Structure formats: C-alpha cells, structure tokens
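The next block holds one structure in the form of structure tokens; read it before the comments.
The values are calculated or read from the model by the stated rules, or taken from the named source; none is laboratory data. Note that the coordinates shown come from a computational prediction; the quantities given were computed from them, not determined experimentally. Counting neighbours? That spans all protein chains shown, and the Cβs are built from the backbone with ideal geometry, glycine included.
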Amino acid sequence: MATVSSVYAKAVFELGKEKGQLDVILAEIKSFADLIQSHPQLKAILSGSGFDPNARSAVLGGIFQATKVSGVVQKLFELLVARGRIRALPELVKELEALVEASHGVQMGVVTSAIELSADEVNVLAATLAKRVGTKVKLTQKVDAALLGGMVATVSGKTYDASLRTQLERFKNELI
C-alpha cells in the first residue's frame, strides 16, 4: 500500500519530469522543508494545530513571497497545508529524492555502522556497492552502536551485512 508521502512524491516527480525541472523542484522542496523543520513554531502553525486555515494560508503566502519558489512547489505546499499533511514532508523529501536519483541512474542506499564513518569511507563503500549493483550508489548514513563494529548496507532492497554482531551470531550458531 502506498504511503501518503509516496503518493505526493510520485505526483511531484511526474510534474517535474513533465516540466523538465526535476532537480530545481527537488532543491526548492528540500530548502523549504529545511526552513519548516528548523522553525518548530512555523511547523506547528502549518500543521494545523488549532490554527485558522486562513491564517495558515496567509503565513504560507508570506513565505512564498520571501522565498520565490516555483508554482509546482507552491501548489504542493498549499495542498499539504490544506490537507494537514505537512508532517509527511520529511518522508516525502526522501521519497522524491530517491525517485529523482533513480531517474539519473543512481540508487539510494543506507549504511548503518557502529560509529560514524568519514565521507571518504562512505564514498569508498558507495563505489564498492556500485560495482555490485551495476549502477551508481548514493548512501545516507545511520549509526547504531548495537552493531558493535562493521556495517550493514542496504541498496535496492538488498542488504549486505558485515557487522560484528552478525558475525558473532553466526559463530555462536556454529558452536551450538
């Protein structure tokens, strides 16, 4: 079943593709989303938490005047605010980014490690995974100390587990 964010992301993706402005629209949405996320009061107003719909629209209109975003992005945010879906924005951005990257031949992936990896380590891992999956790979990073060491990478629904936790579990199972 499609999530709310994936439905909106697909619609924006198709509109952006049709207009030939995918990258511009994605950048505007990310910038606008960062603005909302960095101001909790603004997020509360736009989320509809007890605020008059006309007041929410007025606030949104003021932001549009100050930021000069495209018509597609304005319509998207008007719709999200009117339908009380602004909380779906972070997931919508991730979904849209994945669609745009896939259209450029890049697969999105996640690497989870026990400690934060350097940018160089992430780039080397992305290049290694790209050879495995046959396309470019762009990785986001998560930290999970429960892994103890090593990492787990997921790209295109396939998981590559090189964590110490999994290796210890395998060793334990072999001993039993």
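Out of (1) loosely packed, with under 13 Cβ neighbours inside 10 Å; (2) part of a strand (DSSP E or B), what's the single condition that is false for THR112?
THR112 satisfies every listed condition except (1).
With the condition kept exactly as written, say whether any residue in region 122-136 is of a type in the set (D, E, K, R), free of Cβ contacts under 8 Å to residues at least 24 places away in the same chain and either outside any helix (DSSP H, G or I) or in the same structural domain as PRO40 (by TED's automatic domain parsing) (or both). Before the answer, list the steps.
Keep residues of region 122-136 that are of a type in the set (D, E, K, R), which gives 131-132, 136.
In the following step, the residues that additionally are free of Cβ contacts under 8 Å to residues at least 24 places away in the same chain were identified as 131.
Among the residues that remain, those that are also either outside any helix (DSSP H, G or I) or in the same structural domain as PRO40 (by TED's automatic domain parsing) (or both) are: none.
The answer is no, given that none of the residues of region 122-136 is of a type in the set (D, E, K, R), free of Cβ contacts under 8 Å to residues at least 24 places away in the same chain and either outside any helix (DSSP H, G or I) or in the same structural domain as PRO40 (by TED's automatic domain parsing) (or both).
So in region 136-164, with the set limited to residues that are within 16 Å of the chain's Cα centre (by Cα) and charged (D, E, K, R), which one is surrounded by the most Cβ atoms within 10 Å (Cβ to Cβ)?
First, pick out the residues of region 136-164 that are within 16 Å of the chain's Cα centre (by Cα): 137-142, 154-157.
Then keep just the ones that are charged (D, E, K, R); that gives 138, 142.
Working: LYS138: 16, LYS142: 13.
Selected residue: LYS138.
Among the residues of region 128-155 satisfying the criterion of being in contact with a helix residue (DSSP H, G or I) (Cβ under 8 Å, 6 or more places away or on another chain) and of a type outside the set (A, V, I, L, M), which is farthest from LYS94 (Cα to Cα)?
Only one residue fits best here, namely GLY149.
Only one of (1) modelled with pLDDT under 90; (2) surrounded by 15 or more Cβ atoms within 10 Å (Cβ to Cβ); (3) not in a loop (DSSP other than H, G, I, E, B) fails for LEU168. Which number is that?
Unmet condition: (2).
Just need a number here: residues in region 1-40 that are surrounded by 13 or more Cβ atoms within 10 Å (Cβ to Cβ), modelled with pLDDT under 90 and β-branched (Val, Ile, Thr).
Of the residues in region 1-40, 2 are surrounded by 13 or more Cβ atoms within 10 Å (Cβ to Cβ), modelled with pLDDT under 90 and β-branched (Val, Ile, Thr).
If the Cβ limit is 8 Å and pairs must be 6+ apart or interchain, which residue in region 11-31 that is in the same structural domain as PRO90 (by TED's automatic domain parsing) pairs with which residue that is of a type in the set (D, E, K, R) and surrounded by 16 or more Cβ atoms within 10 Å (Cβ to Cβ)?
Final answer for the pair search is LEU26/GLU97; LYS30/GLU97.
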